[in-house]
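Here's the structure, in structure tokens; my notes come after.
The values are calculated or read from the model by the stated rules, or taken from the named source; none is laboratory data. Since the structure is predicted, the reported quantities are computational estimates derived from the model, not experimental observations. With ideal geometry, Cβ positions are generated from the backbone for all residues, glycine too; neighbour counts draw on all protein chains shown. Side chains included, ligands, DNA and RNA excluded: accessible areas come from the protein's heavy atoms. Shrake-Rupley method; radii C 1.70, N 1.55, O 1.52, S 1.80 Å.
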Amino acid sequence: MLFTEVRGLPVLVPDGGGPLGTVTSLTVDALSGSVSHVRFRAGRFGREKEVSWDTVETVGPGAVRLRSATAPEPAPSSHHELLGRRVLVDTGTEHGTVLDVAFDTRTARLLALFTTRGELPAGRLLGLGDYALVVREG
Amino acid sequence: MNELMAARSLTTRPVVTLGGDAVAHVKDTVCDAAAGRITGFTLTGRGLLSGPLKEGLPWQAVHALGHDAVMIRDRRGLVNAAAMTAHRQSLRARLLGARVLTEAGTEIGTVLDVVVEGGTGGRVVGFRVAASRRFVPGPTRHRRRVYVPRGESLTVTGRALVLPEDAVRHVADDLPGFTALVGGVPGPWKGSLP
């Protein structure tokens with residue numbers, strides 16, 4: 001599934017009731033190359049909250065479903081958004097910006113990054129910081 | 001051969017860790033006394049109003065010098081800038097404006113910029129020189145800038161660089177031409193400096 005497809009999906013809990021909010025973004029752990037948290041927001045002016053990937057039951061179709069008894073925490077501000085981020089090869093040359101990311105909805109592993117300069121395998125990820133996403137030279 | 005770049009163009013290039021965080025900007029390049037290789041960089045803070053940093057970046061901490069960023073392994077590689085520049089010379093302080101002569105005494109011109117090799121080597125490959133009228137004849141109003149390869153045996157005496165005679169036999173007009181010139185010459189250019 002693509003990050004842009006997940007964005008905007010409602011976040012549901014199994015014991016009924018309305019959705020907790022809609023997904024704003026996914027937090028990625030660059031070291032393990034997988035999605036670590038799901039961030040969502042209730043309404044347009046609600047505070048952004050996040051849940052750990054372990055509490056997510058399924059992603060899609062049409063919704064992100066959580067396991068029962070999940071208490072979302074207020075999202076920390078240290079989140080680095082992957083979409084739109086500058087891509088730097090570790091030789092110090094830029095490689096466009098991230099357009100979209102494909103990931104496995106069961107294992108949370110990233111599969112591929114789609115940048116403005118072409119596709120990159122997720123295995124080349126080195127780090128994600130406040131300035132850029134760093135990838136290994138191919 | 002790695003990309004060649006003018007040392008002046010390194011100023012304001014971001015210093016980025018492999019984790020993707022920008023630490024600082026390059027303020028100036030520091031090279032060794034023989035003007036043979038880069039030994040480090042002095043740094044400026046990232047903010048609009050932040051001044052020069054007390055920390056400098058030694059070349060050993062550099063992962064790669066690239067076209068868009070100077071990559072470092074992590075923030076711990078930075079050292080005290082005063083210790084780094086104590087015996088070395090920053091480019092602006094000594095090399096820029098220095099006279100370039102040949103061993104026979106022919107005046108070539110004055111140094112405008114230093115050309116360095118990107119990647120992991122950090123070699124000084126040549127100089128951008130405002131050519132003297134005797135070396136490159138032409139109209140006075142249009143002074144020519146030429147790229148002169150460093151050569152193997154360069155000596156720095158005070159504010160003058162003395163090049164071997166054969167180093168100035170071929171010069172280039174622009175950086176792409178200089179890349180071809182330096183990359184195409186067989187022999188000592190192929191390997192790195194000892």
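Just a few scattered comments:
- Of the strands (runs of 3 or more DSSP E) that lie entirely inside region A:1-104, those containing 2 or more residues that are of a type in the set (Gly, Ala, Ser) and within 24 Å of residue A:126 (Cα to Cα) span A:34-41, A:94-103.
- Exclusive hit being of a type in the set (Ser, Thr, Tyr) and buried (at least 19 other Cβ atoms within 10 Å of the Cβ), set A:116, A:4, A:91: A:91
- Contact annotation: residue pairs with Cβ atoms under 7 Å, 6 or more positions apart or on different chains, pairing a residue in region B:102-121 that is away from chain A (no Cβ under 14 Å) with a partner that is of a type outside the set (Lys, Arg) and open to solvent by 50 Å² or more (accessible area, probe 1.4 Å), are B:102/B:165; B:103/B:165; B:104/B:165; B:106/B:135; B:107/B:135; B:108/B:135; B:109/B:135.
- Region B:59-83 residues that are without any contact (Cβ under 8 Å) to a residue 60 or more places away in the chain and within 9 Å of chain A (Cβ to nearest Cβ), paired with ones that are among the basic types (Lys, Arg) and open to solvent by 60 Å² or more (accessible area, probe 1.4 Å) (beta carbon under 9 Å, 6 or more apart): B:63/B:73; B:68/A:86
- Cross-chain or 6+ apart pairs with Cβ under 9 Å, region B:5-24 first and more than 10 Å from chain A (Cβ to nearest Cβ) and touching a residue at least 60 places away in the same chain (Cβ under 8 Å), then surrounded by fewer than 22 Cβ atoms within 10 Å (Cβ to Cβ) and of a type in the set (Gly, Ala, Ser): B:5/B:118
- Which numbered condition residue B:35 misses (of (1) open to solvent by 30 Å² or more (accessible area, probe 1.4 Å); (2) away from every other protein chain (no Cβ under 14 Å); (3) in a loop (DSSP other than H, G, I, E, B)): (1)
- Qualifying position, being open to solvent by less than 50 Å² (accessible area, probe 1.4 Å), on the phi < 0 side of the Ramachandran plot, of a type in the set (D, E, K, R) and under 16 Å from the mean Cα position of the chain (by Cα), among A:57, A:48, A:81: A:48
- Hey, residue A:113 closer than 25 Å to residue A:41 by Cβ, away from every other protein chain (no Cβ under 14 Å) and either assigned to a strand (DSSP E or B) or in contact with a helix residue (DSSP H, G or I) (Cβ under 8 Å, 6 or more places away or on another chain) (or both) or not: no
- Sole residue being in contact with an Asp or Glu (Cβ under 7 Å, 6 or more places away or on another chain), under 20 Å from residue B:19 (Cβ atoms) and open to solvent by 30 Å² or more (accessible area, probe 1.4 Å), chosen from A:41, A:86, A:67: A:86
Residues checked against (1) small (Gly, Ala, Ser); (2) modelled with pLDDT under 90; (3) on the phi < 0 side of the Ramachandran plot:
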residue: B:117; (1), (2), (3): no, no, yes
residue: B:128; (1), (2), (3): no, no, yes
residue: B:132; (1), (2), (3): yes, yes, yes
residue: B:135; (1), (2), (3): no, yes, yes
residue: B:139; (1), (2), (3): no, yes, yes
residue: B:144; (1), (2), (3): no, yes, yes
residue: B:154; (1), (2), (3): no, yes, yes
residue: B:165; (1), (2), (3): no, yes, yes
